[in-house]
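Structure first, commentary second.
The values are calculated or read from the model by the stated rules, or taken from the named source; none is laboratory data. Source: prediction; values computed, not measured. Here Cβ is always computed from backbone atoms with ideal geometry, including for glycine, and neighbour counts include all displayed protein chains.
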């Protein structure tokens, strides 16, 4: 029999520590990588070039890094740590430093927490943590690791016209007088507002009680939110250098962001990323508006993240998720062999619920369902109550893309961006000239997660409720199927998690990519210089070695990322060497520095630990894009992918090829060329996507999702064959007049 004091005592115990603890930056491990281990990286590359017949060592070495890393100073990253989401607990900036140094064995990385969620205290702690990470790197001229400071500007528009997407802002320097006093966010946007909204009161009160042994983590999150809400917005219209340090600064659009960065005057890179990720990107969004006037800064916005743990953003496809009639009104396009629009599938789900699918009444419901889906934007799935993930089949997905981003938006792809032009000044058409990189977009302070394909829930963003009870608490009870769809204003309010397709996208999270630079040294200046001159490439995670050069440039050989004007046919050379296969476990110096317990917790028992055998590069694919030279020129006709395919010998030593383009001068128009080096198939996490069963026509008839929550076993990495690859930066050529 319970006593009269049992309930008050339980409440008192639950409230103990309810004010929460401040989420601190942590302390990095006080040791650097042995110089011999660092030197071995360069020697390995020298031997690889020797295998290709290159006797002279190159003037520049290839360094690998990750320029897109979140810690629990980001709101969404903190949410991942909560126990009901199978969270691991805090992963502060110090964890990222240790992971990059000892788990993934990177040469450089940057911190990019969402500016919307970074308080003045956390910004100060971030700067100091990055300085500590660099201080442990040994000789500044030959460091084992370079850490860059930055943040993510996280903008989301509700319509294609107002959506500019996410951009990482990264600074060359870390000294207090060489970096901004505060990050600049896009908090006024819809996603920024979601970041600062406190959890519902009933959740704040009941979750610690319902998960009593783990209550402290919920209290800590409550304090994290209170600290964020306590920061006032900076007054508008004031020069950023004159604003107080303890306010929250915002820039709603890229032009304002670029203006504020120009006021600081620091050496800065702004890198768009996740551009085709339809989780938050409205259907119909394209890159065109970002070429207008001050919406693009050629000196700062020099790189584009083509691949990350959120998938591939490289490839353009001509199909549409939404079409428009001559008057501009949206309507749902019909499916094609390559693509099933989700608005169309919304109608088919409703059709299956009709008593008589052939009746005029049913057809009216189907038509209304398609219109309602489009009217709700990225919340379109909410217009069909009771629809399951399986009901949607593979709608919205690119069926023939390599590891595509979820709900793919081809008008925001890298190829589309490189093909378009702005003709506001007809005499000087304006074009993007991006270098192509990849990174992880990891949210658990783990830079460079793609070194091994394992631990799906730690090395990717796939998370979810730990059991059925917690899923119901967070997502709400499943809606009952209805014979008709809902208009956007009829959608009942629900938990924030349900407004976006958080569960369906779990099948599309990859372990992440890497950025590679051709640098004259290992120090900060050398890395930064390579990034600025675009002598960079991206990989899907494997450390593929890639060289791509113009052989007959005006001054001789010119590397990837270069621009030139030619009066002759261009001649190119590409060299590619596959990544070293991995041995199990970790190097001795990692075990010695971190210890067995931290290796298990942070590295999940596995580190970058290369053996001697290399994966084989099976082919080189050359992509040629001839950008628009007149307004309205159809983009699909300008992208030749692949323009050339070069099959490589069955030799793990690598692949070398030369080719030219005799038609370049005859065309009389600019062109850009980049290459993909593709490896032999190997198993990779989530490479199967939704794992469709297809009929003879190629349509998806049944899906087998890889859930982030309890519905997929925790130890199931959802492995499938994958052709890992590297993308060079383009070489941009103009014909001599």
**Request:** Report the residue count in the range 88-112 for those that are modelled with pLDDT under 95 and buried (at least 21 other Cβ atoms within 10 Å of the Cβ).
**Result:** 0
**Conditions (1) surrounded by fewer than 19 Cβ atoms within 10 Å (Cβ to Cβ); (2) assigned to a helix (DSSP H, G or I); (3) outside the structural domain of residue 498 (by TED's automatic domain parsing): number failed by residue 364** = (3)
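Of everything in the range 637-666, what is farther than 24 Å from residue 538 by Cα and either modelled with pLDDT under 95 or surrounded by 14 or more Cβ atoms within 10 Å (Cβ to Cβ) (or both)? Give them in sequence order. First the steps, then the outcome.
At the first step, the residues of the range 637-666 found to be farther than 24 Å from residue 538 by Cα are 637, 661-666.
661, 664, 665, 666, listed by residue number.
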**Request:** Filter the range 623-633 down to the residues that are in contact with a helix residue (DSSP H, G or I) (Cβ under 7 Å, 6 or more places away or on another chain) and in a loop (DSSP other than H, G, I, E, B), then identify the one that is farthest from residue 96 (Cα to Cα).
**Result:** 628
**Asked** Just wondering, is there one or more residues in the range 151-158 that are touching a strand residue (DSSP E or B) at 6+ places or on another chain (Cβ under 9 Å), at pLDDT below 95 and more than 21 Å from residue 123 (Cβ to Cβ)?
**Response** yes
**Asked** Quick one: would you say residue 26 is surrounded by 16 or more Cβ atoms within 10 Å (Cβ to Cβ) and more than 23 Å from residue 141 (Cβ to Cβ)?
**Response** yes
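Looking only at residues that are in a loop (DSSP other than H, G, I, E, B) and either without any contact (Cβ under 8 Å) to a residue 24 or more places away in the chain or more than 25 Å from the chain's Cα centre (by Cα) (or both) in the range 537-561, which one is surrounded by the fewest Cβ atoms within 10 Å (Cβ to Cβ)? Reasoning before the result, please.
Step one: filter the range 537-561 for residues in a loop (DSSP other than H, G, I, E, B), giving 540-544, 554-555, 560-561.
Okay, now just the ones that are also either without any contact (Cβ under 8 Å) to a residue 24 or more places away in the chain or more than 25 Å from the chain's Cα centre (by Cα) (or both), so 554-555.
Details: 554: 11, 555: 7.
Step by step, filter the range 537-561, then rank; the result is 555.
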**Residue that is nearest to residue 523 (Cα to Cα) [pool: residues in the range 38-60 that are part of a loop (DSSP other than H, G, I, E, B) and touching a strand residue (DSSP E or B) at 6+ places or on another chain (Cβ under 6 Å)]** = 60
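Could we say that residue 400 is in contact with a helix residue (DSSP H, G or I) (Cβ under 7 Å, 6 or more places away or on another chain) and over 30 Å from residue 608 (Cα atoms) here?
For residue 400, the condition - in contact with a helix residue (DSSP H, G or I) (Cβ under 7 Å, 6 or more places away or on another chain) and over 30 Å from residue 608 (Cα atoms) - is not met.
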**Request:** Select from the range 328-337 the residues that are farther than 14 Å from residue 699 by Cα and in a loop (DSSP other than H, G, I, E, B) and write down the one among them that is modelled with the lowest pLDDT.
**Result:** 328
**Request:** Look at residue 534 and say whether it is in contact with a helix residue (DSSP H, G or I) (Cβ under 8 Å, 6 or more places away or on another chain) and either crowded, with 19+ Cβ neighbours inside 10 Å or closer than 24 Å to residue 511 by Cα (or both).
**Result:** no
**Prompt:** Among the listed residues 482, 473, which satisfies the condition of being in contact (Cβ under 8 Å) with a residue 60 or more places away in the chain, over 17 Å from residue 389 (Cβ atoms), out of contact with any helix residue (DSSP H, G or I) (no Cβ under 8 Å at 6 or more places or on another chain) and not assigned by TED's automatic domain parsing to the domain that holds residue 87?
**Reply:** 482
**Fill in**
Within the range 131-175, the count of residues that are touching a helix residue (DSSP H, G or I) at 6+ places or on another chain (Cβ under 7 Å) and in a helix (DSSP H, G or I) comes to 1
**Request:** Hey, could you check the range 577-622 for residues that are assigned to a loop (DSSP other than H, G, I, E, B), touching a residue at least 60 places away in the same chain (Cβ under 8 Å) and under 16 Å from residue 682 (Cα atoms) and say which is nearest to the chain's Cα centre (by Cα)?
**Result:** 579
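Having 3 or more residues that are in contact (Cβ under 8 Å) with a residue 24 or more places away in the chain and within 30 Å of residue 568 (Cβ to Cβ) is the bar; report the strands (runs of 3 or more DSSP E) wholly within the range 659-729 that clear it.
Details: elements: 671-679, 682-685, 700-702, 719-722, 725-728.
Ranges flagged: 671-679, 725-728.
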**Fill in**
Selection from the range 253-306 of residues in contact (Cβ under 8 Å) with a residue 40 or more places away in the chain and on the phi > 0 side of the Ramachandran plot yields 274, 284, 293
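Tally up the residues in the range 338-348 that are within 14 Å of residue 701 (Cβ to Cβ) and in contact (Cβ under 8 Å) with a residue 40 or more places away in the chain, please.
2
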**Prompt:** Inside the range 265-288, can you point out the residues that are in contact with a strand residue (DSSP E or B) (Cβ under 9 Å, 6 or more places away or on another chain), within 24 Å of residue 531 (Cα to Cα) and surrounded by fewer than 18 Cβ atoms within 10 Å (Cβ to Cβ)?
**Reply:** 266, 267
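Is one or more of the residues making up the range 400-414 free of Cβ contacts under 8 Å to residues at least 12 places away in the same chain and closer than 24 Å to residue 692 by Cα? Give the derivation first.
Keep residues of the range 400-414 that are free of Cβ contacts under 8 Å to residues at least 12 places away in the same chain, which gives none.
No, the range 400-414 contains no residue that is free of Cβ contacts under 8 Å to residues at least 12 places away in the same chain and closer than 24 Å to residue 692 by Cα.
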